[in-house]
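For reference, the structure discussed in these notes is given below.
The values are calculated or read from the model by the stated rules, or taken from the named source; none is laboratory data. Remember, it's a predicted structure, so these values are computed and weren't measured experimentally. In this analysis, Cβ positions are derived from the backbone assuming ideal geometry, glycine residues included, and neighbour counts consider all displayed protein chains.
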Amino acid sequence: MKKVIIAGTGLGALTTAMRLVSRGYQVEMVEKYHQPGGRLNQLRKDGFTFDLGPTFFSMTYEFEEFRKDVGLSRLPFTFRELDLLYAVNFRGSDKRYMIYRDPERLAREFEAVEPDFRKKMDRFLDGAARFFHDTEHLVLKRNYDSVMQYLLTLVRVPIRYSPKLLRSVWTEMERHFESREVKEIFSLVAFFLGATPFDTPSIYTILSYTELVHDGYHNVVGGMYKIVDGLCEELKKAGVAMHFNTEITGYRHENGKIVAMVDQNGKEWEADIFVVNADAAWFRHKILGRKKYSEKKMDQLKWTLAPFTMYLGLDTKLPHDVPLHNYFLGNNFREYSGKIFKNAIKLDQPYYYMNVVSKSDPESAPDGCESLFILCPVPDMRFKSDWSDRDKVADGILKDLSDRIGVNLGKHIVSKTVMTPVEWRDSFNLYKGSGLGLGHDLDQIGGFRPKNYDETFDNVFYVGASTVPGTGLPMAVIGSKLVTERITKAYGPIHA
């Protein structure tokens, strides 16, 4: 039986472990953090419960494919489909735009600012749908052994889509819509990728199709961490051991293979195969010391924005008209998007997202109380390394939010946790605090992304945000399928 050590316990690692176990491999997992999940984690404090990172997602059918692949009769967690996807408020306005999956209700939200909205949106989504279905299996869900193989694959994409490679998300929005509100709201998909609509290729407008038509948005009954709990329970049944507070800091190699990874205490973790769920670029930089991934070259890569997050427990309930997911935008969208990456704009009037956790799962807060999660995308630590102003930034967000929802939050906070890019970097080995790893520019996707197999050691593989196919929960699940294909192609399915 071949033994596999998996470094990390994020969603990519957990689903890879399940796939390998179902194929007869012996799997053991090590994790730096004190509990599993990676960025799909959980914070429990003062009687409140919060999802640490992702709060909703799409493409649930990737989990169903995973379930069938590993032989589960049912998934060990329950999806909940959202009809009201999120609300958007612009600074200085009392209007909240409610983004419904139902096209008629959605159209009514924008009838005052965008004439013929339904017709324009249908045309926009139809184009995104065609591109998605023509490229999903051809380009997205496959391994690449070389850049040339990737380029030859792109040649097979119908030529009518070529302009999408040259346009940005924002340019695509301008081709279909007139109002500022519509263009800004539906270009928020770029921020889901940790970027802005002005520097994200228009191919990612497919996310609008997946959220509004194809699969919609979902969360999980009991909180997103139920995904981790459920997978860990299945892995426990399969005999997979997990070791926490265990950080890989080195390795031992012989004859072109790594024979052991070494933790911070000098303990060696020996195996035949190693899967790295740490950031694929960071691991090559920090642990393997590759020249191609020196700090200078890493800093020249395009990284996603960093997270500034707050987890608040309130001793009151918010108004009923404040929904589960909320975006709070300003009135300088282009300027803010252009300057936020490089810390060229003040954070005194930030753009941010709020998830009212307890609206979906009341057990996340005591009776009469509310659990809030706030995320503000900020510059990574290449551009803002000093976060001694964390309290000032947090207070600014809270004041702005209080004014917009009509509740003085400061008087009701009974639990407060703030995580700056420093804490995110240190907790999960995120390069310079970048929240979602490498960006999705055209020169950093597909065959241009760090490979999911190692260039030097042929028994080392990668799964996670900074390798193929990219960032996000469904991408992690797809990534686990791709890396499992690599391993079984090299070593075969193992039968006990």
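Search the range 402-421 for residues being at negative phi and either without any contact (Cβ under 8 Å) to a residue 60 or more places away in the chain or in a loop (DSSP other than H, G, I, E, B) (or both), and hand back the single one that is nearest to the chain's Cα centre (by Cα).
T420
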Inset, instruction - Pick out the one residue from E234, E268 that is out of contact with any Ser or Thr (no Cβ under 9 Å at 6 or more places or on another chain) and surrounded by 14 or more Cβ atoms within 10 Å (Cβ to Cβ). - result: E234
Inset, instruction - For T484, state whether it is assigned to a helix (DSSP H, G or I) and over 21 Å from Q35 (Cβ atoms). - result: yes
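Restricting to the range 293-305, what's the tally of residues that are under 22 Å from E247 (Cα atoms) and buried (at least 16 other Cβ atoms within 10 Å of the Cβ)? Break it down into steps so the answer makes sense when it comes.
Initially, the range 293-305 is screened for residues under 22 Å from E247 (Cα atoms), giving 293-295, 298.
Still in the list and also buried (at least 16 other Cβ atoms within 10 Å of the Cβ): 293, 298.
Total satisfying the criteria: 2.
Can you find even one residue in the range 174-188 that is closer than 19 Å to S58 by Cβ and either in the same structural domain as P36 (by TED's automatic domain parsing) or part of a helix (DSSP H, G or I) (or both)?
Start the filter on the range 174-188 by keeping residues that are closer than 19 Å to S58 by Cβ, which leaves 185-188.
Keeping just the survivors that are either in the same structural domain as P36 (by TED's automatic domain parsing) or part of a helix (DSSP H, G or I) (or both) gives 185-186.
Checked against the condition, which is being closer than 19 Å to S58 by Cβ and either in the same structural domain as P36 (by TED's automatic domain parsing) or part of a helix (DSSP H, G or I) (or both), the range 174-188 yields at least one hit.
Please give the helices (runs of 4 or more DSSP H) falling wholly within the range 63-170 in which 2 or more residues are charged (D, E, K, R) and in contact with a Pro (Cβ under 8 Å, 6 or more places away or on another chain). Before the answer, list the steps.
On the way: elements: 103-110, 117-135, 147-155, 162-166.
So the answer is 117-135.
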Inset, instruction - Taking the residues in the range 345-365 that are over 26 Å from M224 (Cβ atoms) and touching a residue at least 24 places away in the same chain (Cβ under 8 Å) as candidates, determine which candidate is surrounded by the most Cβ atoms within 10 Å (Cβ to Cβ). - result: L347
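Could you please let me know if D458 is surrounded by fewer than 19 Cβ atoms within 10 Å (Cβ to Cβ), part of a loop (DSSP other than H, G, I, E, B) and not β-branched (V, I, T)? Show your work before the answer.
Working: surrounded by fewer than 19 Cβ atoms within 10 Å (Cβ to Cβ): yes; part of a loop (DSSP other than H, G, I, E, B): yes; not β-branched (V, I, T): yes.
Yes: the conditions hold for D458.
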Inset, instruction - Look through G338, G368 and report the one residue that is surrounded by fewer than 16 Cβ atoms within 10 Å (Cβ to Cβ), touching a Lys or Arg at 6+ places or on another chain (Cβ under 8 Å) and farther than 23 Å from K95 by Cα. - result: G368
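For the range 276-288, how many residues are of a type in the set (V, I, T) and out of contact with any helix residue (DSSP H, G or I) (no Cβ under 6 Å at 6 or more places or on another chain)?
First, the residues of the range 276-288 that are of a type in the set (V, I, T): 276, 287.
Going one step further and asking which of them are out of contact with any helix residue (DSSP H, G or I) (no Cβ under 6 Å at 6 or more places or on another chain), we end up with 287.
Total meeting the criteria: 1.
Looking only at the range 295-332, count how many residues are assigned to a helix (DSSP H, G or I) and within 28 Å of N219 (Cα to Cα).
First, pick out the residues of the range 295-332 that are assigned to a helix (DSSP H, G or I): 295-300.
In the following step, the residues that additionally are within 28 Å of N219 (Cα to Cα) were identified as none.
The total comes to 0.
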Legend entry - Filter result (charged (D, E, K, R), closer than 30 Å to I494 by Cβ and surrounded by fewer than 19 Cβ atoms within 10 Å (Cβ to Cβ)) within the range 26-71: E28, E64, E65, R67, K68, D69
Legend entry - Filter result for M1 (at pLDDT below 95 and not in a strand (DSSP E or B)): yes
Legend entry - Which numbered condition L106 misses (of (1) out of contact with any Phe, Trp or Tyr (no Cβ under 6 Å at 6 or more places or on another chain); (2) within 28 Å of P323 (Cβ to Cβ)): (1)
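Please work out if R290 is crowded, with 19+ Cβ neighbours inside 10 Å, among the basic types (K, R) and closer than 27 Å to E423 by Cα.
Values: crowded, with 19+ Cβ neighbours inside 10 Å: no; among the basic types (K, R): yes; closer than 27 Å to E423 by Cα: yes.
In short, no.
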